[in-house]
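I have placed the structure first, in the form of structure tokens, so that the comments after it can refer back to it.
The values are calculated or read from the model by the stated rules, or taken from the named source; none is laboratory data. In this text, all values refer to a predicted model and were calculated from it rather than measured experimentally. Cβ atoms come from the backbone with ideal geometry, glycine included; neighbour counts cover every protein chain shown.
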Amino acid sequence: MILPVNNIDRKINFTSGNSEKKKLPYDKDTLLKNNFITRTRIGYEKFTNALTLYAAKGLKGDRNANFYEFLTMGTVPYIVGSLMLMSVFNSANKHFAPFARTKAGAIGRKMALGVLFYGILKSFTKSFVTQPVKWLTGVDTEVPYAKVNYELPDDVYDTDIMSIEYHKAYESKEFPRWDLFYKSEAHGETRNEYFDKVAKKIGLGDNLKDSDQEVKPLIKEIAVKTDMAKTLSSYLWAAAGVAYAFQSPWENYFNVATLKFWKGEKFLHSLKIFKDSAIESAKELIHGPKGAKGFAKHAGKAMIAVAALSSLAGIVNAVSSTNKPSKLDAGDVIQKDGKYVVN
Amino acid sequence: MRPNLIQTYISNMPVSTPDKKDRNLDIEYVLSNRTFIKPLKPRGHLVNTGILETPAVVAKDLLYDYKSLKKSAKGTANDHELGKINDIGMKVGGLAIAAYLMTRKQTPLTKAMELVGLASFFGAMSIWPKVALQFPARLIHGFDIRQQYQDSFGRKKMFFQDPQYIPWDMVSDERINKIGNWMGVPKDMPNRREFIQEKMKKTAIQNNTMWMLTAGFATPILSALICNACEKPLKGYLGNIRSQRADKLLANFQKEFPKFKDSSAMERLEILYSLNKDNILTPALREEIKENITSGMDGVTASAIRKDLDNILQLNDEKFIIDKTVPEKLVANTKKELQKLIPSEILSKIVPDEKSFANLFRQHKLFGKKLSETELKKAVALTGAHIKDSILEYNIKNPESQLNVKLILNRLINRKVSEGPITTALHSNSTGRFNSSVMANLRNISKILTDFKAKNAVLDQYVFLKSAAAPETVVANAWNEVTESLPKLFNITSSEITNARHDRKMAGKLLRDKIEFITSNEGEYDRVVNSLAEKISRLDAKIKMLDTSSASKESYISIVDSVFDDVSSTLKDSRISMPNTAERLTGAKGSLKNVQLSYVSNRLLGVRSSLYRLLNTLDFYKRISTLENIPALHSGMPREVKEELVELCKKMSVEGTTSDFMTKFYELRNPNPNTTDFSQIVVEAGKVKNKYLTREVKGGKVDLPNDKNFFTEAIRLLFENDLHPKTTELLSNTVFAGEVNEYRKACASELGDAFYFAKPRHLVHGVQSDASSYKQFLRMGMSPDQMFNVTIKELFNTKKWLKMFGGLGLGLLGVTVLAQFTFGKMKTPDEVKK
């Protein structure tokens, strides 16, 4: 039998000497709390690493560069591309003649706002699916964990061989990190506590013999379905965001927009107009622009409806899987102390 | 000595004995049947797609995406399949954005550009790594950094996607060695394959990183450049489709117009009839009928139809009967009319009751009889007098609150039949009924007008597609084609565009310099006029069918004639009898038919005048440049005046509009010109060498509004003196040569003989022209400086953008390609160096 190499418990040290080690926040793979602070910290770390460390390693052709770093660097074109897109539609306008500048400026600013709303809605609307699924099934498909990575040393003196990667426990649907969900009986905890909770939440009942085995296939199914709904709906919400940015009342805001917060009155006025424009634009998106007929009148409404429906359908689809028991026998399903009537 | 870490690990590794799971395992049997423990033969392979296979691969990938989506929805997808959902989502979201933005755009081109924008964005994402990284890397390093492979499970992945897992076993030694040779790796080194692999891996990591760092800059720029490149051909393609669509409308006119038919008015008329069948044609019902039949017509035509309907619905033998319902209506209507003016307690005292009215009509033997319209007027007068008596009686009894009799009677009597309370009540019981014969007549009228509206809608649609004052019509596209070519035609450089874009004055000055240069160079003049003539000919071919009254029954003018004339003659027919409507449609002046025709002809006149004006300006400058065909500058004119005249004409031809001061000849001149020098002006390189014009004048220069001769000679110089022989020669082969001469003649008479074009009563030929100011405006056309200014501004904007972002894109491409030369550098092991 081949045993797994578990270097976590043994804390094997591949380095020599007692040179001062880099202090890392984790010394083993650790499940993290899925809260705003953690998500922000992870996002920040990943983004700064993508711009600095991973980019430098990649450009150097470092042998430790890996797929995680490559994927993390995927945020760079996203952010840079968004800024570039804004710039493409705005930077040259200042050189144009006044009338052309005004016309191009209105379109360019809407484009920029569209890019901004696309990004915001793309990020935030994922929770429209993941949160309800979490509430309804107890499965948090977004739960992150810190992965301790051992790299190859550059040379014999290289002691800095550990790095931290941030993944999601259900990132791989084929190989979810189940191990992180087990509790330690050695520490007086219930080994299947997490799986018991999920089993109860999705209606498989209490005190299952092996709740982990019962629940794992269902969690996988939920995670796959949630991931699909989250991805598709977030793009549709992002599209609705772009449509929202293209409403004409925003032009009122563009005329007074300022980020110079030290100019108190002007800044406050700009915020007020932003609020008014946001409300009016929402109305225009829903009711259609003045004089619009047919599809043009209802297009905005349709976009919001399709996005909302995609989220809703995704939730229903993800949750519906919890209704089918997997390999439970009648003994587990029928409560022996309950009362039953046979007609 | 440093410890051997691996050895230490192995020696310290705990030894664990596996449990014997199967006590009955027959090891001999197992070993003799080893096939079951062999791994499956790997099916993974590198993917090399040829161009011919691409469609099949695309189709296969789409099928894979579809299956991935299906499996994801069922919750059974694997990681690779789930990864595809992101691509699908991005494309679906992109399409949703394009579809929405299309609804916010008005013209076919702007709508189509939304889709082009989407496609170009995805295209740019795919093209950039291929052009900037994959292709140069292949040339420099000898291998494909974006090589794909398909694993044993049919999943397609990038070969160098995960540097920690590269399936090297798919690449043969031969291929690796070949790549090594390209890279210059020594052939005799030990572990050569491993070394080459490491080098390839390093190159791929560096390229993948470069891709991530540059894509954000490159994709939007490349996408915008693709859009720019696509716009012109797409505009041409869509323009042709629109033009063909318009032509089809006229070619199949009889088949097309039923599609435009809106029968709702006819249907509403039928409903109205079914609800009021054989009812009295009350004023309200008549109004409803008229409203129905005139719906969708313009105000003037509608009023003509109403006039005719009034006659038709008046019904020759119509009579009105005063029965017991009429007094009731009289009281009710009168009280309703006056209730806002007079308090109700007073009102009940001054408005006689029903009995009183009935008695009144009985006394005058009007009650129960069929009354003609004339007799009914007597009843109206009696009713008015009866109410008046009642008010006067009230006034006598109540001297403290006198009522204004005149005012009240005005409100009650002096109103239209359809509005006045008394006339409405007295007309309410008519022998005129909404019967089947009335309905048959109305049905016929409604059908004729519905058909006419449908035919008119086809004509309007045709005109809209061809020549409306809107973007992307045939005329607009043809116009843009000519004007966009002008900066190149006139050799205007980038720096000149930058300087002259600010306003018309600067554009005008630049244009004047250019024309002076062109007209003083024989070859240049030939080139410019020929090229301009060719472009105008092309434009002319596209718009000619709009105003050519050809014998063809499919021409616009022929169809307009036939549609309007046919309906007009039908309406004049005694059985229909709608002469007012017929007159409105085809009458001599201001008829709907004339409006339909003149809209198009005016649009074309404006376009043609603008282009012929540019040609005429070139010709005028040429004549001045060569001092040929300028009899207006005759020997009896002082040279100083000649110089003033030429200067004004040069400015006027380039910058003049119907409204600015230039055409009003507000030109500062010397009131006392030199009268001793009658020599001809001197011209060098197209510019007049002024002897007098620039000198200081004692007392200052002034406008001379009464110098009629000056205006006359200006018009002659510009429009009546013969064209330069060279111009005549160059234009002789064009289809519009005759039209240019016609244009010049028309300008001379319509502008030169206008009552107040430049100065009041300065008529060149002594007879006042009847051209309207709108006609004068169209005849003047767009001034060349304005034409250039608009074009130059757009060109500057495009160039500026291209310079900024095209430059950035090129710089980025250069850096990315050059970076390849630093990629994949590795130290060759020392042993080999020896």
Fill in the blank from the handout: Exception for B:Lys416 within (1) at pLDDT 85 or above; (2) touching a Ser or Thr at 6+ places or on another chain (Cβ under 9 Å) falls at (1)
Exercise for the section: Kindly check whether there is at least one residue in region B:315-324 that is touching a residue at least 40 places away in the same chain (Cβ under 8 Å), in contact with a helix residue (DSSP H, G or I) (Cβ under 7 Å, 6 or more places away or on another chain) and on the phi < 0 side of the Ramachandran plot. Expected result: yes
Exercise for the section: With respect to A:Ser248, determine if the residue is farther than 21 Å from A:Leu309 by Cα and within 11 Å of another protein chain (Cβ to nearest Cβ). Expected result: yes
Practice task
Give the number of residues within region A:258-299 that are in contact (Cβ under 8 Å) with a residue 40 or more places away in the chain and outside any helix (DSSP H, G or I).
Solution key: 1
Exercise for the section: State which residue is farthest from A:Glu151 (Cα to Cα) when the search covers only region A:58-71 and only residues that are surrounded by fewer than 22 Cβ atoms within 10 Å (Cβ to Cβ) and more than 8 Å from chain B (Cβ to nearest Cβ). Expected result: A:Leu71
Practice task
Pull up region A:159-181, narrow it to residues that are within 16 Å of the chain's Cα centre (by Cα) and more than 16 Å from A:Asn49 (Cα to Cα), then point me to the one that is surrounded by the fewest Cβ atoms within 10 Å (Cβ to Cβ).
Solution key: A:Ser172
Practice task
Could you please find all residues in region B:219-233 being more than 8 Å from every other protein chain (Cβ to nearest Cβ) and surrounded by fewer than 24 Cβ atoms within 10 Å (Cβ to Cβ)?
Solution key: B:Leu225, B:Ile226, B:Cys227, B:Asn228, B:Ala229, B:Cys230, B:Glu231, B:Lys232, B:Pro233
Handout entry: All positions within region B:184-233 that are within 16 Å of B:Arg138 (Cα to Cα) and of a type in the set (Lys, Arg)
Key = B:Lys199, B:Lys201, B:Lys202
Handout entry: Test set (1) touching a helix residue (DSSP H, G or I) at 6+ places or on another chain (Cβ under 9 Å); (2) more than 30 Å from B:Lys544 (Cβ to Cβ); (3) of a type outside the set (Asp, Glu) - B:Ala457 fails condition number
Key = (2)
Handout entry: Subset of region B:55-78 [within 14 Å of chain A (Cβ to nearest Cβ) and surrounded by 13 or more Cβ atoms within 10 Å (Cβ to Cβ)]
Key = B:Asp65, B:Lys67, B:Ser68, B:Leu69, B:Lys71, B:Ser72, B:Ala73, B:Lys74, B:Gly75, B:Thr76, B:Ala77, B:Asn78
Fill in the blank from the handout: Within region A:80-98, the count of residues that are at the interface with chain B (Cβ under 7 Å from one of its Cβ atoms) and either surrounded by fewer than 20 Cβ atoms within 10 Å (Cβ to Cβ) or under 29 Å from B:Ile497 (Cβ atoms) (or both) comes to 8
Exercise for the section: Pull up region B:792-814, narrow it to residues that are free of Cβ contacts under 8 Å to residues at least 60 places away in the same chain and more than 9 Å from chain A (Cβ to nearest Cβ), then point me to the one that is nearest to B:Ala137 (Cα to Cα). Expected result: B:Gly814
Exercise for the section: Report yes if some residue within region B:708-726 is in contact with a helix residue (DSSP H, G or I) (Cβ under 9 Å, 6 or more places away or on another chain), crowded, with 21+ Cβ neighbours inside 10 Å and free of Cβ contacts under 8 Å to residues at least 60 places away in the same chain; otherwise report no. Expected result: yes
Exercise for the section: Name, by its number, the condition in (1) under 23 Å from B:Asp451 (Cβ atoms); (2) touching a residue at least 40 places away in the same chain (Cβ under 8 Å); (3) in a loop (DSSP other than H, G, I, E, B) that does not hold for B:Pro631. Expected result: (1)
Exercise for the section: Could you tell me whether B:Gly590 is under 20 Å from B:Arg716 (Cα atoms) and of a type outside the set (A, V, I, L, M)? Expected result: no
Exercise for the section: Could you please give the count of residues in region A:104-155 that are surrounded by fewer than 18 Cβ atoms within 10 Å (Cβ to Cβ), assigned to a helix (DSSP H, G or I) and aliphatic (A, V, I, L, M)? Expected result: 5
Fill in the blank from the handout: Flagged in region B:147-177 as of a type in the set (Val, Ile, Thr) and within 14 Å of chain A (Cβ to nearest Cβ), in numbering order, are B:Ile166
Handout entry: From B:Lys514, B:Lys544, B:Lys509, residue being within 30 Å of B:Tyr462 (Cβ to Cβ) and either away from every other protein chain (no Cβ under 14 Å) or not in a helix (DSSP H, G or I) (or both)
Key = B:Lys544
Practice task
Report yes if some residue within region A:204-212 is assigned to a helix (DSSP H, G or I) and more than 14 Å from chain B (Cβ to nearest Cβ); otherwise report no.
Solution key: yes
Practice task
Could you figure out which of (1) crowded, with 20+ Cβ neighbours inside 10 Å; (2) modelled with pLDDT under 90; (3) touching a Gly at 6+ places or on another chain (Cβ under 8 Å) isn't true of B:Met212?
Solution key: (2)
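Let's see how each residue does on (1) away from chain A (no Cβ under 14 Å); (2) touching a residue at least 12 places away in the same chain (Cβ under 8 Å):
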| residue | (1), (2) |
| --- | --- |
| B:His45 | yes, yes |
| B:Gly50 | yes, no |
| B:Glu53 | yes, no |
| B:Gly93 | no, no |
| B:Ile97 | no, yes |
| B:Met113 | no, yes |
| B:Val131 | yes, yes |
| B:Ile145 | no, yes |
Completion exercise
Of the residues in region B:379-404, those that are among the hydrophobic types (A, V, I, L, M, F, W, C) and in a helix (DSSP H, G or I) come to B:Ala379, B:Val380, B:Ala381, B:Leu382, B:Ala385, B:Ile387, B:Ile391, B:Leu392, B:Ile396
Problem - Some residue of region B:589-604 being closer than 24 Å to B:Ala468 by Cα and over 31 Å from the mean Cα position of the chain (by Cα) - result: yes
Practice task
Return a yes/no flag: does region A:188-199 have any residue that is more than 14 Å from chain B (Cβ to nearest Cβ), under 26 Å from the mean Cα position of the chain (by Cα) and basic (Lys, Arg).
Solution key: yes
Problem - For B:Pro108: the one exception among (1) closer than 25 Å to B:Ser152 by Cβ; (2) more than 9 Å from chain A (Cβ to nearest Cβ) - result: (1)
Exercise for the section: Answer yes or no as to whether B:Glu174 is among the acidic types (Asp, Glu) and at pLDDT below 90. Expected result: no
Problem - Flag if B:Asn670 is within 17 Å of B:Arg613 (Cβ to Cβ) and surrounded by 15 or more Cβ atoms within 10 Å (Cβ to Cβ) - result: no
Practice task
Please work out if A:Pro217 is surrounded by fewer than 24 Cβ atoms within 10 Å (Cβ to Cβ), modelled with pLDDT of 90 or more and within 10 Å of chain B (Cβ to nearest Cβ).
Solution key: yes
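Matching residues to (1) in contact with a helix residue (DSSP H, G or I) (Cβ under 8 Å, 6 or more places away or on another chain); (2) assigned by TED's automatic domain parsing to the domain that holds B:Pro631; (3) at negative phi:
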site	(1), (2), (3)
B:Gly738	no, yes, yes
B:Glu742	no, yes, yes
B:Val764	yes, yes, yes
B:Lys799	yes, no, yes
